[in-house]
Each structure stands twice: as structure tokens, then as C-alpha cells.
1. Quick one: dipole size for the chain, taken about the Cα centre, charges +1 on Lys/Arg Cβ and -1 on Asp/Glu Cβ, in debye to the nearest 20.
2. I'd like the Karplus ³J(HN,Hα) series for the stretch 238-245: coefficients 6.51, -1.76, 1.60, θ = phi - 60°, whole numbers in Hz, and an x wherever there's a Gly or Pro.
3. Could you rank the peptides 187-193, 252-258 by their average count of other C-beta atoms within 10 Å per residue, with the highest value first?
4. Treat the stretch 253-368 as a sphere of radius equal to its Kirkwood radius over Cα pairs and apply Stokes-Einstein at 37 °C in a medium of 0.692 mPa s; give the translational diffusion coefficient in µm²/s, rounded to a whole number.
5. Which residues in the stretch 294-321 place their backbone N less than 20 Å from a point set 7 Å from the Cα of LYS370 along the Cα-to-Cβ direction?
6. Suppose the chain between LYS23 and SER327 were pulled fully straight at 0.36 nm per residue; how much longer would it get relative to their current alpha carbon spacing?
7. Based on the mean of other Cβ atoms within 10 Å per residue, sort peptides 58-65, 140-147, 341-348 so the most packed one is first.
8. Sequence neighbours fewer than 8 away in the same chain don't count; with that in mind, list the lysines whose C-alpha is under 27 Å from LYS131.
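Just so it is clear, none of the values below were taken in a lab; they were calculated from the coordinates. Note that the structure is a prediction, hence the values are computed from the model and not measured. Note that each Cβ is placed from the backbone with ideal geometry, even for glycine, and that neighbours are counted across all protein chains shown.
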Amino acid sequence: MEFIDLGRQLERIRADVSARMEKVLNHGQFIMGPEVAELERQLAEFVGVKHCVTCGNGTDALQMALMAAGVGPGDAVFTTTFTFIATAEVITLLGATPVFVDIDERTFNIDPAQLQLAVEKTRAEGRLRPKAVIPVDLFGLPADYTVLEEFCRREGLFLLEDAAQSLGSSLHGRMAGSFGDCGSTSFFPAKPLGCYGDGGALFTNDDQLASKLRSIRIHGKGTDKYDNVRLGVNSRLDTLQAAVLLAKLAIFRDEIRARQEVASGYSKRLAQAFKVPYVPEGAVSAWAQYSIVVDNRADLQASLKAAGIPTNVYYPKPLHQQTAYQSLGYQSGSFPVSERIAETILSLPMHPYLEQSQIELVAEACLQSKTATPRV
Ligand SMILES: *Cc1c(COP(=O)(O)O)cnc(C)c1O
């Protein structure tokens, strides 16, 4: 069994992908070809925003958004400590300071109450200027934007949604990528919408922000290619990857539906003995990961491995405990929820092509392991 089975998906779309790639080989516009423009049009429509700006990867997308927002030295950017390093790395690379915030123990997403405390504390200290917030839609579940959007508007903070794991999910009918001032995503192959290499995109309703992002994407170009109006990066989505994504986007809604079936199949069987994922009222997850919380994680992982079932731990170490962030001076115990979840979280095989029999096999293996404990 595969943790994420891209081969099954390829079987379904191979003819379409090949035809679209062949078309690119024939027209030869490998940089910013017509497929890129068409993908941006379709993605903007899918997410329900005015503008989509594609780029080289999800990390660049985050960095470009912060550059467009003018984030730099002296600025505090608030984000969750329970995420992939990329979310915070870009803050530091721009000379700003990440201020970590603990998570809600049910959703694993940034806790808005803790965020408010962190912003108040930073303002009171007066050393850093609160500038932006980057909530992450972890494992495909949108963060609590009902509260976060209102909070950021009131506090004058730039809200950047890290939707790298959540494209295709929604909250009260609004699609992931559309929240806050700007949303960013990744097309890394293992993400819900992945290409066959690196890729990323940004989403916004703000005309000015979109045009800044388009400029930053190509070295800060102005209307004249050789009159650069600001400093930018070189981060374009390859035309070939756009062609792949057009083929994948055509079946994406169907795949998101299939992911709901897999997740509910797991939860139905596992809820009796494990803490299964919580999906708040009004939310639909993209199920980038299906993650349970288990006290004896190593035992469960070992018995699943013996049964030929791969698992992964996202993430074994919150960012404030990573070696690269020791200089920020956080102590162990600073973010108790994230630290506890990092020790007990376990992700099971998850993709739209898991068969009923495989779901049953995984669930049975979990229930048979000695880590299963009846829940009341
Ligand atoms: C994958 C990921 C990124 C980075 O995306 P890349 O395309 O790999 O650069 C950023 N944030 C989160 C939460 C991710 O999962």
C-alpha cells in the first residue's frame, strides 16, 4: 500500500497529460506559455477570487506575498508553531521576526485566542511592529477565518492564508485560498492538487496586490521588461507544469469528493478507539492528511508497518523547538498543545484512490493493535 498513490491517478489522466504536454512541446513557449494564463484563469474561478498569480513553488508564493505586503526588518509576523518550516522561513529570510502561536487542540490550526494574546504582548513590549498573520490550513482544514479575518481587519494586520495543504477545501461555502488579503498554495506532487515537479500560486481580490505580485514574480519588472521598478525574484510556473495542472484540475472536484469518502470511512471505523480528525461545522477538508492522535504512537506505527501499512508523522517537532529557531529564545513548554500533538499525531495513508478494502485493512490493523483504547 502507498501512503499517497500518484500512480493510480496517473493511470486515470495519462492520455490527457500526454496530449497537453505534447502541445507544449509543439508550440515551444516553455516560459509563461498559454497554459499558464489558462490555468490562472481556471484557478481563480475555482477558488472564487479575481486574481491568481502562479509561481515556482509554495515557499516562493509565501515570500512573494510578504514582499508585496512590505514585510521587513522590525516587523513581527505571527504564525503557528505547528507547521512546515517554509511558513516561518520566509519571514526570517525577509529580515522580519516570526512570532509563534499555539494551536487549537481539536483542529491543529492557529488558536485565535492565543494569537490575540501574542499580538497584545508584542505591542506591549514595543520591540517589534505587528505586521502580518499567516494561518496555515493544516492537513487540508481551513483555519478559523470567521474570527481571524475580523481580528486582522480590526488590528490592521495583513492576513496571508497558507493554503499549501488545503486547496479544494472550504469554510461556509468559501474556498481555501480566498481568505484574508492573499492566499498561497503549493503544487508539490504530494499536495491535494500537485504537479510533476515544483509549482505554486497566489490568490487575491486586490487588483493592486495582484499587479505587485506579477511584478515581483519576474524580478520586479515594470511595464518595460528592462526597467525594474522594485526588487523581486525569479519564480515562474513552467508551462509544462501548468499543462499537467490543467489535466489534474479537470478531475480535482471529483477527487475532493473521493477524499471525503475515504476520510469518513476511516472515522466511522476508528472513532470507537482513537481520537479522529475534527471537522468544524461549515468546513469541508481537502484531507491532505488524515491524522489521528494516539498516546503510544511508536507502537502503533510499528504494528502498522509490520502489516505493510506506511504512516508518517507531521510534524515531529514544532518550529519553536527546531535547531534553526533556537536563536528566537523559546523554551520547551512555551506551546504545550503543539508540543503534545507533535508527540502523538500520526497520519495514515490518504489519497482519493484508496479502495474500500484498503480502508478496512488500515482501520482493522489500527483496531487490532494494542494501542487501541475504547473511547466513551
Ligand atoms: C508544502 C508546504 C509549503 C511549501 O510548499 P513548496 O511548494 O514545497 O515550497 C508551505 N507551507 C505548508 C504548510 C506546506 O505544507
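1. Dipole size: approximately 180 debye.
2. 4, 4, 4, 5, 5, 5, 4, 5
3. Averaged packing, sorted descending, gives the order 187-193, 252-258.
4. Working: Rh = 15.5 Å.
D = 212 µm²/s.
5. Within reach of a label on LYS370, which here means backbone N under 20 Å from a point 7 Å along Cα→Cβ, the stretch 294-321 contributes 294-309.
6. 104.4 nm
7. Working: 58-65: 27.4, 140-147: 24.4, 341-348: 19.5.
Those peptides, ordered most packed to least, come out 58-65, 140-147, 341-348.
8. Here the lysines satisfying the reach criterion relative to LYS131 are LYS50, LYS121, LYS212, LYS221, LYS317.
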